[in-house]
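These notes concern the structure reproduced below.
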Amino acid sequence: MSLQEAIGSINFFSSLSESDITQLVSFSTLHSYSKNYIINYEKRETDRLLFLVKGVAKAYKIDKHSNEIFLYYIYNNSMLSEISDINAVTLHTFSNIETIEESVVLSIDYSKFQKYFLHNNLLCLEFANEVIKHSHELRTLISREFLFDAVGKVAMMILSDLEMFNKLKRHETSLILHIQPATLSRVLTRLKRNKIIDIIQGKVFILDEMALEAIFEDS
């Protein structure tokens, strides 16, 4: 995959002209990473703006007891960098970001990106939308961790990310949601008994999306 193809595959850059893309290519690089490679470490400063071109990554933090606190998954065609201040000359990483499968990452010189694009009112709306997106992810995290009970947590994950829910082993899902495996099993059994989901050969299928959404909205 060439740099032009990588940039063209990311919706964030869809409004750029050919000359803009050529300019962007001049200060960008493409990197391939194996599974379980840590791309960013939390509380670090970086001068690179990162996008996930291919693969899947996860954002997480480490608590004072060295336990991993899962935040959210990041899929291809997404910004990996966490933006808190669009006027800052460098980016500060809020969380660790680790690939969970082989991935390709677009890396852009952030100071030049600001100079040639943001300071010329290009991609400003897209950049603002990314800030809003990350804010939404953090609000979702707060709700999941502090407001929802076990049923609400499971319902939310199934509805928002069924593919990943089915890809993970049950004990991995339990760790992410901070519930016991036995609790997860009971919740899934209850949802199936109420005909909200079905489970076939270990895979979850949604039968009643509205009922599933109502569970965590009412939590």
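Overview of values
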{"read-out": "Residue among Leu71, Leu30 that alone is closer than 30 Å to Ile179 by Cβ and outside the structural domain of Lys167 (by TED's automatic domain parsing)", "value": "Leu71"}
{"read-out": "Number of positions in the stretch 156-185 that are in contact with a strand residue (DSSP E or B) (Cβ under 9 Å, 6 or more places away or on another chain), under 15 Å from Ile215 (Cβ atoms) and in contact (Cβ under 8 Å) with a residue 60 or more places away in the chain", "value": "0"}
{"read-out": "Leading residue by the ranking (nearest to the chain's Cα centre (by Cα)) among those in the stretch 77-102 that are surrounded by fewer than 18 Cβ atoms within 10 Å (Cβ to Cβ) and closer than 19 Å to His136 by Cβ", "value": "Asn77"}
{"read-out": "Matching residues in the stretch 103-138 - criterion: being more than 13 Å from Ile74 (Cβ to Cβ), loosely packed, with under 14 Cβ neighbours inside 10 Å and charged (D, E, K, R)", "value": "Lys115"}
{"read-out": "Criterion: of a type in the set (Ser, Thr, Tyr), at pLDDT 95 or above and either closer than 25 Å to His92 by Cβ or touching a Pro at 6+ places or on another chain (Cβ under 8 Å) (or both) - qualifying residue of Tyr60, Tyr72, Tyr33, Tyr41", "value": "Tyr33"}
{"read-out": "Members of the stretch 19-56 that are within 21 Å of Asn87 (Cβ to Cβ) and surrounded by fewer than 19 Cβ atoms within 10 Å (Cβ to Cβ)", "value": "Phe27, Lys43, Arg44, Glu45, Thr46, Asp47"}
{"read-out": "Out of Lys192, Lys167, Lys153, sole residue that is buried (at least 17 other Cβ atoms within 10 Å of the Cβ), basic (Lys, Arg), out of contact with any Ser or Thr (no Cβ under 6 Å at 6 or more places or on another chain) and not assigned by TED's automatic domain parsing to the domain that holds Ile100", "value": "Lys153"}
{"read-out": "Boolean, Leu159 is within 30 Å of Thr22 (Cα to Cα), within 21 Å of the chain's Cα centre (by Cα) and modelled with pLDDT of 90 or more", "value": "no"}
{"read-out": "Count of residues meeting criterion [of a type in the set (A, V, I, L, M, F, W, C) and not in a strand (DSSP E or B)] in the stretch 54-67", "value": "0"}
{"read-out": "Set Phe205, Phe216: member being at pLDDT below 95 and of a type in the set (Phe, Trp, Tyr)", "value": "Phe216"}
{"read-out": "Set Tyr116, Tyr73, Tyr110: member being under 14 Å from the mean Cα position of the chain (by Cα) and not aliphatic (A, V, I, L, M)", "value": "Tyr73"}
{"read-out": "Condition check for Glu101: at pLDDT 90 or above and more than 22 Å from Ser15 (Cβ to Cβ)", "value": "yes"}
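The values are calculated or read from the model by the stated rules, or taken from the named source; none is laboratory data. What you are looking at is a predicted structure, and each value in this text was computed from that prediction instead of being measured. Heads up, the Cβs are rebuilt from the backbone with ideal geometry, glycines too, and the neighbour counts pull from every protein chain shown.
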